Amino acid sequence: MALFAVFQTTFLLTLLSLRTHQSEVLAEHLPLTPEALKVSVNSAQQCLHLQWTVHNLPYNQEFKMIFQIQISRTETSNVIWMGNYSTTMKRNETVHWSWESELPLECAAHFVRIRSVVDDARFPEWNFWSSWSSWQEVNVQDSTGQDTLFVFPKDKLVEEGSNITICYISGNIQNDISCYLEGEQIHGEQLDPHVSTFKLENVPFIRKGGTNIYCEEKQRKAISNGTVLFVSKVLEEPKDFSCETRDFKTLICTWDPGANTALDWSKQPSQSYTLFESYSGKKKHCEEKNRCNWQITQDSQEIYNFTLITENYLRKRSVNLLFNLTHRVHPMSPFSVQFENISATSAVMTWKVHSLGDYFTLLCQVELHGEGKMIQHNVSVKANGKYLLNELEPNTEYVAQVHCADDNHFWKWSEWSGRDFTTPEAAPSEAPDVWRTMKSGSHNVTLFWKPLSKFHANGKILFYNVAVENLDKPSRLEHRSIPAPANSTELTLDGCSYQIRVTASNSAGASPAAVIVVSAAPGNKEIEEEIIEGTEDGFSMSWKPQSGDVMGYVVEWCDRPQDPLCDFQWKKLGPNTTSTVISSDAFRPGVQYNFRIYELSTKRIAHLLERKTGYTRELAPSDNPHVVTNNLTSHSFTLSWKNYSTKSQPAFIRGYHVYLKSKEEQCQPGAEKAVLPDDTVCCQYKIDNPEQKTFTVENLKPESFYEFLVTPHTSFSEGPSGTFTKVRTPDEYPYMLVHVIVPVVICVVLLVCGCLLKSQWMKDKCYPDIPDPYKSSVLSLIKSKENPHRTIMSISDCIPDAIEVVNKQEGSKIQSLGTRKSLTEPELTKLSYLYLLPTEKNYSGPGPCICFENYTYNQAASDCASCGHAPVSPEAPPSQWGLLTSSENLLKALEKNYMNSLGEIPAGETTLNYVSQLASPMSGDKDSLSTNALVPPPCSEYKMQMAVPLCLASPPPTENSDLSSITLLGPSEHYR
Amino acid sequence: MPTQTTGRTLLSLVLGLLFASMAAMGSCPGDFHVLLGQLQKQAHAMQDPSSLLDPYMRIQGLDFPQLREHCTERPGTFPSEGALRGLGRRSFLRTLDATLGLVLRRLAAVQQQLPEAGRLGRPPAARLRAQDLEMLKMARLNIHGLRNNIFCMSRLLGSSWDAAEPTQAAPGTSPPPTPDPGAFQRKLEGCRFLRGYHRVLSSAGQVFGKWGKSPSQGHRHRPPRALPEDASRARPSRRGRRLVPRGQLPR
């Protein structure tokens, strides 16, 4: 046994030894190192294609092998990738393998080597790595020594969102180089002194023309080179892929293709579409991008399994569709749509469908559009369709259309086919709504009716017939036809009751009649108007029925009460209705609307029930009254605005406010202080009666200013704050004058009149005639002493008949006659005369007189134009100083002076020369004359002086004359 | 910007269709000055880069300052203004016609490379691209119109040269095949080509302007250095050699 165990162990050791030896022999004598390694380059795809073989494989059978591949970049020691590739191969068989580089292969030299191992369970002894093959160098671009800059990859096609690495090779260019992607600089890594790489991640699609990347030498500012990265949109899977047939001859498949991935420069065409049907194994390239037609063969294939494949250079996508052909029937549109037997309310619609075979039934849907409504009906059809359209409206245009679908397996409706038609007219179905207005105090009735709605008119209303029947006495019916579209007519009736029937007619007939009765005794009593409040929605009103037996109620109003035509409206209500809301689009705020509510008896007679008035919304009064001020006194005045109409206002006028401004701080009783919008304070009088349109403001102060404003007020506001009107109360004095002075004046006038009547008596009493100087004894004395030698009459010889003593105060101012020489000169101030005048009664012309002249008394006469001399200078000769040229002038002057003598003689108007009847004891003393005041004696003791105008006086003194001397002139001197 | 673009497009459309229809109807303006005025207006309108170069640059994504700076005319691609001034009137017209013919062909090639906007991209970008493509179409119509007027002018000047078949570049003058420079370089080349196109139209406008100042319509503007027209034809030389554009748009 032990021997057996030793033998067995020895055998196993020997076997193991033999096995180990055999392996060593295989490894030594059967090297499995890959041989004939060849490396080719696909620059566009940045791929290295490797091919090799293993010559030393034993046996001519397949071995499962693993190849380990190392790829280095720039130099062999810089291994950038190492991986295994498993495959089965036979002896001398060539193995192909590709590797895609991230970096364009032109950017750097690449090196490749391979080793292998048999990975086959049948040959475990060969399961060890061979030695490496020698390095194979791949150098696509040799830029050594070139002065050109290269950018790689060239015109590469990538998909949107990819990561890509680009590089530039600068060769011998020493300058700094900057690279730009679409105008923006990009930064990379230097691979070696001449190569820089740029990693671009998630590249976007920018344009079909590609994304431009270019590099420039900074110092030369020259574009050295560039490349275009053609970024394609990602190919999308077709959406909504669907197939259907309309005639069982062709299948039409459609889909949504999504974005077109075509690129410029033929870099990538639009994606292609191909249909593949798996049951038949047929394939079809689609010409269009969103649809494809597939011919149905006659082999009764019902089930189809389509695959739609789309592809471009970068991607391939597909979608599947499995369906039963009979479930994808999309019928064609019905045709020959016709209408038969069209009446006012019905029509028959017929149509035809394209036949799909005896076994197919179509479900057709008929749609009727008219009057804004739509009605649908379903009909099952084999070949020809027919449907009765009823419940139509007369004189209405309809559009009827039909579409169909497979009734067994609904897929899609066909397109619509349709036509329009119009139903003929029918007689109006309802009586027109009629109402009337009656003018009070006359028998004129205006009938109104509302046009029938289209629904009830059943056609175009051509005219309205009005038939009037006298209810009180038998008479012939009166007919009247009013062409449409009139809506009213006027009837003149007598005092009888009448029944009026109104019908509307179209081409098909007349409507039922509307009946209204006009009573002989309207019985419209005075009914007080009630104010109601309206809203934007209208007027809500109610009324109390008077009798229980009524047909209904009518509310009437005018939509535009301010217009002459007023747009008359009415609303009819049932017998059980006692309230309503009247609304109208025509209602406007600030307009007063008046409503009348009538009760319609069973005999169709209307009785006025109630009157209402109101506003939808009251507005503030827009105007203030035009106010007139009357009865202005020093203590009051009256304001009046009687022309102000309260009816035409935008709200119910509740009264007026009278504002009064004055300097007084306290308001009068009946007024209260009010603050105006401009913060001024005034007194406010309130008038609560809108019909009171006068107001008297009392207790005012004379000669004071007041301002007033009258404004209407409503329940919620008052009129605009307008301009105040000013009033000034007058003074009391004029009134005193009127009351006192006027009677005095009247008395004086009466007194004067009395005096005039007694003038002779007065004359005799007050100013008797002046004696005639020619009858004086002095004259006889002169005559007696007349001789060739003139003598001066001695004063003592004279028996003075009259002496005038005139004195001028020294230094008093006198006005010169016709000269502007200063009258303050000494010569003039001494001017004085003493006249001796005749006292004859009837002296009528110039006569001899003796006078003392003083200019002062000549003033008025000098001013008298009637004297007929113009002002002259003192140097003028005396002859030019106009003597009185006519007796009339003298008389006038006398009259004037006479009249003046009756009254006061104002200062400066001392125009009269007084002739004293008494001899002055101081005659001849000029100084005395100038100082003594002239005191007239009682009139009984003097003769009245005549006023002697200057023109009657002697010529004015010359410069050399002695004005202060007393000159006695004889008659000859005067007449000279 | 879109409003201006639309306005220019409409103007271009009207001009292009006007002159295209004129030639199609076989009616040429018989008045020298009228025709010359039209040529000047066309040259003036078409020298504006906004009529062709700008839309091209937007389509190609070259409308960035760095790239605009480098989009300069490549010397020698088109005849210089001096060279154009030195030509006789008929030679000038022939040269201009040949230049425009070349531009037309290149534009056609470019348009083939540019698919319609479709549903691609953001809507504003797609709209802008559609507008720019439309302007390229309008530019071609305008060039046709200008060529028609050149044809009319050449007939008015008594030339038997048929403008309907524009002068072709001489065989062998095309550059030898070179490795594909890449889309970027081709874009830039197209930009430079169109820059030259606008410049040559500007120069043509200047030459036409000189024509208008000539004493009479029959007078030939012949600068001292220019060779006689017939002599230049009969004896091609370096100076009298036909001036044809050498540049190309990328295709």
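The values are calculated or read from the model by the stated rules, or taken from the named source; none is laboratory data. It should be emphasised that the depicted structure is a prediction, and the values quoted were computed from it without experimental measurement. As a convention, Cβ positions derive from the backbone with ideal geometry for all residues, glycine included, and neighbour counts pool all protein chains shown.
For this structure, a couple of remarks:
- Every residue from the stretch B:176-194 that is out of contact with any helix residue (DSSP H, G or I) (no Cβ under 6 Å at 6 or more places or on another chain) and more than 14 Å from chain A (Cβ to nearest Cβ): B:Pro176, B:Pro177, B:Phe193
- Any hit, the stretch A:209-220, residues being assigned to a strand (DSSP E or B) and surrounded by fewer than 16 Cβ atoms within 10 Å (Cβ to Cβ): no
- Residue check: B:Gln66 meets all listed conditions (1) farther than 30 Å from A:Leu235 by Cα; (2) within 16 Å of the chain's Cα centre (by Cα) but one, namely (2).
- Qualifying residue in the stretch A:696-711 (condition: over 36 Å from the mean Cα position of the chain (by Cα) and among the β-branched types (Val, Ile, Thr)): yes
- Any hit, the stretch A:287-310, residues being under 60 Å from the mean Cα position of the chain (by Cα), within 30 Å of A:Cys404 (Cα to Cα), within 14 Å of chain B (Cβ to nearest Cβ) and among the basic types (Lys, Arg): yes
- Of the residues examined, A:Thr629 is one that is farther than 18 Å from A:Thr580 by Cα and assigned to a strand (DSSP E or B).
- Residue match in the stretch A:295-313 (condition: in a loop (DSSP other than H, G, I, E, B), surrounded by 12 or more Cβ atoms within 10 Å (Cβ to Cβ) and touching a residue at least 60 places away in the same chain (Cβ under 8 Å)): yes
- Single residue of A:Gln185, A:Gln174, A:Gln136 found to be loosely packed, with under 14 Cβ neighbours inside 10 Å, over 27 Å from B:Lys187 (Cβ atoms) and of a type in the set (S, T, N, Q): A:Gln174
- Among the residues of the stretch A:169-186, those identified as away from every other protein chain (no Cβ under 14 Å) and more than 21 Å from A:Arg73 (Cβ to Cβ) are A:Asn172, A:Ile173, A:Gln174, A:Asn175, A:Asp176.
- Qualifying residue in the stretch A:268-287 (condition: assigned to a loop (DSSP other than H, G, I, E, B) and buried (at least 16 other Cβ atoms within 10 Å of the Cβ)): yes
- Residue count for the stretch A:559-588 satisfying the condition of being among the acidic types (Asp, Glu) and touching a Pro at 6+ places or on another chain (Cβ under 7 Å): 0.
- Residue list for the stretch B:112-148, filter: at pLDDT below 85 and more than 10 Å from chain A (Cβ to nearest Cβ): B:Pro123, B:Pro124, B:Arg127
- Candidates are the residues of the stretch A:717-765 that are assigned to a helix (DSSP H, G or I) and small (Gly, Ala, Ser); the one that is modelled with the highest pLDDT is A:Gly754.
- Among the residues of the stretch A:146-168, those identified as within 14 Å of chain B (Cβ to nearest Cβ) and among the aliphatic types (A, V, I, L, M) are A:Leu149, A:Val151, A:Leu157, A:Val158, A:Ile166.
- Of all residues in the stretch A:241-254, none are farther than 22 Å from A:Ala405 by Cβ and assigned to a strand (DSSP E or B).
- Leading residue by the ranking (farthest from the other protein chains (Cβ to nearest Cβ)) among those in the stretch A:190-224 that are at positive phi and not small (Gly, Ala, Ser): A:Asn202
- Test: residue in the stretch A:574-582 that is surrounded by 17 or more Cβ atoms within 10 Å (Cβ to Cβ), over 30 Å from the mean Cα position of the chain (by Cα) and under 17 Å from A:Lys612 (Cα atoms): yes
- Look at (1) over 60 Å from the mean Cα position of the chain (by Cα); (2) more than 14 Å from chain B (Cβ to nearest Cβ); (3) β-branched (Val, Ile, Thr) and you find that A:Thr227 fails only one, number (2).
- Residues being away from chain A (no Cβ under 14 Å) and in a helix (DSSP H, G or I) - total across the stretch B:39-94: 25
Conditions (1) within 46 Å of the chain's Cα centre (by Cα); (2) on the phi > 0 side of the Ramachandran plot; (3) surrounded by fewer than 18 Cβ atoms within 10 Å (Cβ to Cβ), marked per residue:
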residue	(1), (2), (3)
A:Leu447	yes, no, no
A:Lys454	yes, no, yes
A:Gly459	yes, yes, no
A:Leu471	no, no, yes
A:Ser481	no, no, yes
A:Thr492	no, no, yes
A:Arg501	no, no, no
A:Asn506	no, no, no
